[in-house]
Amino acid sequence: MNNRLISIILVVLTVVNLAALGTFMFHRFRQPPPPCSMEPGLQHRRMHEMLGLSEEQHRRIRKVRSEFRNTTQPLRDSIHDYRMELLALLEKEGPDITAVDSLLDFISNLQNRMHKMSVHAMLQEKENLTPAQHKLFIDKFKCKFAPHSWRPGMHGPGRGRHKHRHKHRNNH
């Protein structure tokens with residue numbers, strides 16, 4: 001009698017485990033990953049393929065991106081230097097809060113300039129795209145600008161690494 005009871009329990013537990021595994025697999029793999037889930041090193045090449053750019057369009061967009069990188073490199077270097085300075089302040093015993101806040105404001109201003117330059121470069125790229133290509137291009141960035149919890153692998157608001165952000169938002 002005990003062997004029969006143990007056999008039934010093992011069968012039931014096996015079925016439950018298989019059902020749980022099946023449910024996990026279904027939810028994890030039911031949708032293809034969105035375009036924004038590309039590996040960073042492949043984004044430019046795949047973007048070119050995804051948009052179906054002509055050679056002339058591709059050449060113009062590469063030129064815009066090259067100019068953007070060259071123009072923003074000094075800003076990126078400055079942001080890095082000021083972040084290192086901020087870390088040095090934070091390492092000190094009893095850091096000067098006024099100096100920390102001042103550095104944070106300065107870094108924020110530099111980042112704001114970078115964001116503006118980035119959007120301006122995107123607008124220049126848009127000039128080289130057809131309306132259909134532009135829609136695909138914008139769809140690519142919708143995922144990047146979405147809250148982290150809405151990205152692939154994060155099933156719904158409040159999940160993943162950034163739970164605190166959503167709690168904070170919901171309180172306002």
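Quick one: is SER108 of a type in the set (Gly, Ala, Ser) and within 24 Å of the chain's Cα centre (by Cα)? Walk me through it before giving the result.
Details: of a type in the set (Gly, Ala, Ser): yes; within 24 Å of the chain's Cα centre (by Cα): yes.
Spelling it out, SER108 is indeed of a type in the set (Gly, Ala, Ser) and within 24 Å of the chain's Cα centre (by Cα).
Only one of ARG65, ARG59, ARG69, ARG76 is without any contact (Cβ under 8 Å) to a residue 40 or more places away in the chain, part of a helix (DSSP H, G or I) and in contact with a helix residue (DSSP H, G or I) (Cβ under 8 Å, 6 or more places away or on another chain); which? Let's see the steps before the verdict.
Working: ARG65 fails: without any contact (Cβ under 8 Å) to a residue 40 or more places away in the chain; ARG59 fails: in contact with a helix residue (DSSP H, G or I) (Cβ under 8 Å, 6 or more places away or on another chain); ARG69 fails: in contact with a helix residue (DSSP H, G or I) (Cβ under 8 Å, 6 or more places away or on another chain).
Result of the check over ARG65, ARG59, ARG69, ARG76: ARG76.
Which of the residues that make up region 48-79 are under 21 Å from the mean Cα position of the chain (by Cα) and closer than 22 Å to ASP139 by Cα?
Correct list: HIS48, GLU49, MET50, LEU51, ARG65, PHE68.
Going by what's in this entry, would ALA121 be described as touching a residue at least 12 places away in the same chain (Cβ under 8 Å) and in a helix (DSSP H, G or I)? Show your work before the answer.
Working: touching a residue at least 12 places away in the same chain (Cβ under 8 Å): yes; in a helix (DSSP H, G or I): yes.
Judged against the criteria, ALA121 is a match.
Bear in mind these aren't lab numbers, they're just calculated from the coordinates by the rules spelled out. Nothing here was measured: the structure is a model prediction, and the numbers come from that model. Please note: Cβ atoms are built from the backbone with ideal geometry, for glycine as well, and neighbour counts cover all protein chains shown.
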